[in-house]
Amino acid sequence: MDTLLFSLLNGVIYGLLLFMVSAGLTLVFGMMGVLNFAHASFYMLGAYFAYTLQGLLGFGLAVVVATLLAGAVGAVVERFFLRRVHHHGHAHELLLTFGLSFIVAETIKLLFGNFPVNYQVPAMLDGSAFSLGGQQYPLYRLLMGGVALVMFALLYLLLTRTRVGIIVRSAIYRPRMVEALGHNVQFVFMGVFGVGAALAGLAGAIAGAFYTTSPNMALEIGVMVFVVVVVGGLGSLGGAMLASLLIGLLTSLAVGIDRSLADLLAFVGAKEWAQAVGGLLTLKLSSLASTLPFALMLLVLLLRPQGLMGDKT
Amino acid sequence: MALLAALPVLLSAGLLNAAVQMLIAALFASAYSLLAGRAGMLSFGHAAYFGVGAFATVHAMNALGGNGLLPTPLMPLVGAAAGLAFGVVAGWFATQRSGTAFAMITLAIAELLHSLAPQLKGLFGGESGISAMRMPAWGFTFGSTTQVYYLTLVWVLLSLLLLHFHTRTPAGRLTLGLRENSHRLRFLGYDVHLLSVSAFAISGLFSGVAGGLQVLANEAANYVVFDPGVSAGVVLNSYIGGVGVFLGPALGAALMSFFGYAVSDTTQAWLLYQGVLFVLVMMFMPQGLVGLWDAAAARVRRLGAARAVPLLLAWLIAALLLTAGAVFLIELVQRLCSQEYRALAAQADALPPVTLWKGTWEVASVTTWAWPLGLLALGGGLLAFAHQQLKATEEHP
């Protein structure tokens, strides 16, 4: 029971983290129609910036500065790269961001080496929050979840309660009209892109200390984030939230299940047959945890191609 | 063609191996570009079809007690069949959506295989992979690199011929329509999903052939063929070459894998250079390197050779200077950030000089940094000058 509770909590927090990265991606996609392949690179940049600055500024300040730096890099990418190729169409923009993500990963390998760096949770935050049935629950995990929730609340309030939010939301639907009303839509685009990048950077700066910070982290989370936005529905913030939590729970719960398809088939008396076949049928579900989100995505595509909460086709 | 046939006489064994890899990369890029260039469907997970073809071939080679399912020269047919079959299944899923979502789905399918492959030891051989032997057939032993080269050459040329033939068929023409206006195709009564799946499957088929050839050349397959880097490489190669022209991707892939082979000993930053080149191509020459030739020819036609050639030469020299400066700078930084250097600096408690290109460079000295920066400035200046001249001549012809 305790184990179940712990994996549920872990799943929710991993889901919130995924949402922090996918929120910016889906927001930018809804606004400009550009899928930013380099989005997960900002997550990685955030982690590496914070790692580098940690010694200089201390953990808290390093996270803040890393977030701002990631946002600045995002704004530069929009202003000087994406805008230049905008007239070539979306496919071209996608390819350009793909190339940029490649460059970021290779540059990081060049500067920091192709192995995980020693970026760790500061001793002050490295305690346990509470214990349940003799097991300690790390404080830092709760902190990650808390940051994600606060960020989500701020983003929601910003988009729904402020003038800036009104302009951003209207620029998504009618960019030309907003421009005609005298707002600088190009600047709004750059701002949204930068904020999305900053959110990803914040997630990276915080999560990098807990998980591993390595040149592969962008690809690992990037693929998962893509699965999230496809499952949730492209451009839908609510869908991204739902899908993030779903995938977080799915992976975290699957790790704890020590059964295989053969055990399931035992109910219909086909266990011997399944074990004789071997391969996929006898693999433990726990070792398949990382592949389950992809299976979920294929299932969603089969049953509801536009995603759980998407309306665009 | 004659040159390709004569290569084994001209090249050493190591270079011939590189030539085999170039041919395989060229075929893979061409197969990829059928989907990405002609059908306008960007796939970021083409390693999956390459890898499936490779593993099917390695299993076929080991089948029947090591005698092989087919004679060795026909082995790539197994890769083709596997690539086609997997292409149909994956394509059926992926082409449910178009555009951006399609790109993400292909990426996820490839990642699915990449994360599943090490778990399925029986099928993919775990970490160590599966090895096989090339069996003698039809009077050839396939023991020497030369024979492998000719086998690869025949298969690659045949496949390229078939791919080119496909562009001439009605189905190939309709593939272009998928890119340009799929709504209109549907309106005209064509089954767009079926057409997309067929383009996807044919691309998978020839990727499978390329995978099979790779296995024949290496006599082994490892789950590393599903690595995202393989998928990324084929995207970069194809677009650097230029997907607008039939042979563009093949040339790009051959060029890139040749450079990759040539500089692999001297630099660790080759992938970075490839990425930078790709971004530059995407930003300034959307038609790829092949398009550069056309652009140069157009200038010569418009301005006349006497005025265009000096300008083009200036562009070329500027590009070379900029490349030299950038490479110098990147290599210098790479040496400074490498683990060995850090250990050395920590040991000596000072900044020891860096060894680069048979010379030693003092880190703190101004001249060390003046070299690359000077090269960059010179190249940039020349580029600006050439640009200005071009504008002036075009305004006052």
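The values are calculated or read from the model by the stated rules, or taken from the named source; none is laboratory data. Because the structure is predicted, anything quoted here is derived from the model rather than measured. For neighbour counting, all protein chains shown are included, and Cβ atoms are generated from backbone atoms with ideal geometry for every residue, glycine included.
Looking at residue A:162, is it crowded, with 20+ Cβ neighbours inside 10 Å and of a type in the set (Ser, Thr, Tyr)?
no
Only one of (1) surrounded by fewer than 21 Cβ atoms within 10 Å (Cβ to Cβ); (2) modelled with pLDDT of 80 or more; (3) under 19 Å from the mean Cα position of the chain (by Cα) is not met by residue A:21, so which one is it?
That leaves (1) as the condition not met.
Could you please find all residues in the range B:122-145 being assigned to a helix (DSSP H, G or I) and loosely packed, with under 15 Cβ neighbours inside 10 Å?
B:122
Kindly indicate which of B:113, B:107, B:151, B:74 is farther than 21 Å from residue A:226 by Cα and modelled with pLDDT of 80 or more.
After ruling out the rest, the residue left standing is B:151.
Residues of the range B:59-98 being closer than 24 Å to residue B:219 by Cβ and in contact with a Pro (Cβ under 8 Å, 6 or more places away or on another chain), which ones?
If the condition is that a residue be closer than 24 Å to residue B:219 by Cβ and in contact with a Pro (Cβ under 8 Å, 6 or more places away or on another chain), then B:72 is the only one that fits.
Is one or more of the residues making up the range B:317-339 modelled with pLDDT under 75, buried (at least 16 other Cβ atoms within 10 Å of the Cβ) and over 30 Å from the mean Cα position of the chain (by Cα)?
No - not one qualifying residue is present in the range B:317-339.
Report, by residue number, each residue of the range B:274-314 that is within 14 Å of chain A (Cβ to nearest Cβ) and among the β-branched types (Val, Ile, Thr).
B:276, B:279, B:281
Can you name the residue in the range A:165-179 that is free of Cβ contacts under 8 Å to residues at least 24 places away in the same chain and buried (at least 16 other Cβ atoms within 10 Å of the Cβ) and, of all such residues, is nearest to residue A:198 (Cα to Cα)?
A:167
Does any residue of the range B:349-360 turn out to be of a type outside the set (A, V, I, L, M), modelled with pLDDT of 75 or more, within 24 Å of residue B:316 (Cα to Cα) and within 33 Å of the chain's Cα centre (by Cα)?
no
Any residue at all in the range A:149-158 that is assigned to a helix (DSSP H, G or I), out of contact with any His (no Cβ under 6 Å at 6 or more places or on another chain), among the β-branched types (Val, Ile, Thr) and more than 8 Å from chain B (Cβ to nearest Cβ)?
Checking the range A:149-158: at least one residue is assigned to a helix (DSSP H, G or I), out of contact with any His (no Cβ under 6 Å at 6 or more places or on another chain), among the β-branched types (Val, Ile, Thr) and more than 8 Å from chain B (Cβ to nearest Cβ).
Residue by residue through the range B:111-141, note down the ones that are within 9 Å of chain A (Cβ to nearest Cβ) and of a type in the set (Gly, Ala, Ser).
B:115, B:122
Determine whether residue B:102 is closer than 18 Å to residue B:57 by Cα, within 12 Å of chain A (Cβ to nearest Cβ) and either touching a helix residue (DSSP H, G or I) at 6+ places or on another chain (Cβ under 9 Å) or modelled with pLDDT of 80 or more (or both).
Criteria not met by residue B:102.
Looking at residue B:23, is it of a type in the set (A, V, I, L, M, F, W, C), more than 14 Å from chain A (Cβ to nearest Cβ) and part of a loop (DSSP other than H, G, I, E, B)?
So residue B:23 does not fit the description; no.
Mind checking which helices (runs of 4 or more DSSP H) fall wholly inside the range B:220-338 and carry at least 2 residues that are polar (S, T, N, Q)?
Those helices (runs of 4 or more DSSP H) span B:228-241, B:305-337.
Only one residue in A:73, A:85 is more than 9 Å from chain B (Cβ to nearest Cβ), assigned to a helix (DSSP H, G or I) and at negative phi, so which one is that?
After applying the criteria, what remains is A:73.
Inspect the range B:176-190 for any residue being among the polar types (S, T, N, Q) and in a helix (DSSP H, G or I) and give the result as yes or no.
yes
Pick from B:28, B:44, B:50, B:55: which is outside any loop (DSSP other than H, G, I, E, B) and within 14 Å of chain A (Cβ to nearest Cβ)?
Result of the check over B:28, B:44, B:50, B:55: B:55.
Against the definition (surrounded by fewer than 24 Cβ atoms within 10 Å (Cβ to Cβ), under 23 Å from the mean Cα position of the chain (by Cα) and closer than 30 Å to residue B:183 by Cα), how does residue B:93 come out, yes or no?
Here the answer is no, as residue B:93 does not meet what is asked.
Consider residue B:38 against the criteria (1) more than 14 Å from chain A (Cβ to nearest Cβ); (2) in contact with a Gly (Cβ under 9 Å, 6 or more places away or on another chain): it satisfies all of them except one. Which criterion is unmet?
Condition (1) is where residue B:38 drops out.
With the requirement that a residue be at the interface with another protein chain (Cβ under 10 Å from one of its Cβ atoms) and either in contact with a strand residue (DSSP E or B) (Cβ under 8 Å, 6 or more places away or on another chain) or touching a residue at least 40 places away in the same chain (Cβ under 8 Å) (or both), what does the range B:77-94 give you?
B:90, B:92, B:94
Using beta carbons and a limit of 8 Å, which pairs, at least six apart or on different chains, have the first residue in the range A:288-309 and more than 10 Å from chain B (Cβ to nearest Cβ) and the second one surrounded by fewer than 14 Cβ atoms within 10 Å (Cβ to Cβ)?
Taking only residues 6 or more apart or on different chains, the pairs are A:309/A:238.
Has the range A:47-61 got at least one residue that is within 30 Å of residue B:286 (Cβ to Cβ) and either part of a helix (DSSP H, G or I) or within 14 Å of chain B (Cβ to nearest Cβ) (or both)?
There is no residue in the range A:47-61 that is within 30 Å of residue B:286 (Cβ to Cβ) and either part of a helix (DSSP H, G or I) or within 14 Å of chain B (Cβ to nearest Cβ) (or both).
So the check is Cβ under 6 Å with 6+ separation or different chains; which pairs have a first residue in the range B:258-273 that's more than 14 Å from chain A (Cβ to nearest Cβ) and a second one that's of a type in the set (A, V, I, L, M)?
From residues that are more than 14 Å from chain A (Cβ to nearest Cβ), the pairs are B:258/B:22; B:261/B:18.
On the given criteria, is residue A:265 out of contact with any strand residue (DSSP E or B) (no Cβ under 8 Å at 6 or more places or on another chain), surrounded by 17 or more Cβ atoms within 10 Å (Cβ to Cβ) and at pLDDT below 65?
yes
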